[in-house]
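Comments concern the structure below.
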């Protein structure tokens with residue numbers, strides 16, 4: 001998708017080493033594409049400041065919309081998708 005939409009190549013993958021993206025299959029797929037794997041130190045969210053902040057912001061927006069609209073639990077994915085869309089349409093600066 002990055003190559004087709006932006007005519008660019010992914011050269012590195014950064015994760016926080018917490019396990020969500022750790023598997024032999026995923027690592028092999030990155031290796032085959034020539035993508036380097038970078039990981040921050042475990043249990044140090046300070047090294048991922050903007051990403052951690054984004055995660056909290058999206059959860060707060062989604063939860064606020066969810067409670068305000070009295071939407072059932074089964075619609076959580078729908079609410080989170082819309083919170084992400086609203087965030088993407090908002091001008092923000094990460095400091």
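The values are calculated or read from the model by the stated rules, or taken from the named source; none is laboratory data. Remember, predicted model here, so these are calculated numbers, not experimental data. Positions of Cβ are backbone-derived with ideal geometry, glycine not excepted, and every protein chain shown enters the neighbour counts.
Observations on the model:
Quick grid of which residues meet (1) surrounded by 14 or more Cβ atoms within 10 Å (Cβ to Cβ); (2) in contact with a strand residue (DSSP E or B) (Cβ under 6 Å, 6 or more places away or on another chain); (3) touching a residue at least 24 places away in the same chain (Cβ under 8 Å); (4) assigned to a loop (DSSP other than H, G, I, E, B):
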{"site": "30", "(1), (2), (3), (4)": "yes, yes, no, no"}
{"site": "50", "(1), (2), (3), (4)": "no, no, yes, no"}
{"site": "57", "(1), (2), (3), (4)": "yes, no, yes, no"}
{"site": "60", "(1), (2), (3), (4)": "no, no, no, no"}
{"site": "76", "(1), (2), (3), (4)": "no, no, no, no"}
{"site": "83", "(1), (2), (3), (4)": "yes, no, yes, no"}
{"site": "86", "(1), (2), (3), (4)": "no, no, yes, no"}
{"site": "91", "(1), (2), (3), (4)": "no, no, no, yes"}
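- Residue list for the range 15-39, restricted to those being closer than 28 Å to residue 90 by Cα and either at pLDDT 90 or above or in contact with a helix residue (DSSP H, G or I) (Cβ under 6 Å, 6 or more places away or on another chain) (or both): 16
- Residues (exposed (fewer than 10 other Cβ atoms within 10 Å of the Cβ) and in contact with a helix residue (DSSP H, G or I) (Cβ under 9 Å, 6 or more places away or on another chain)) located in the range 1-11: 8
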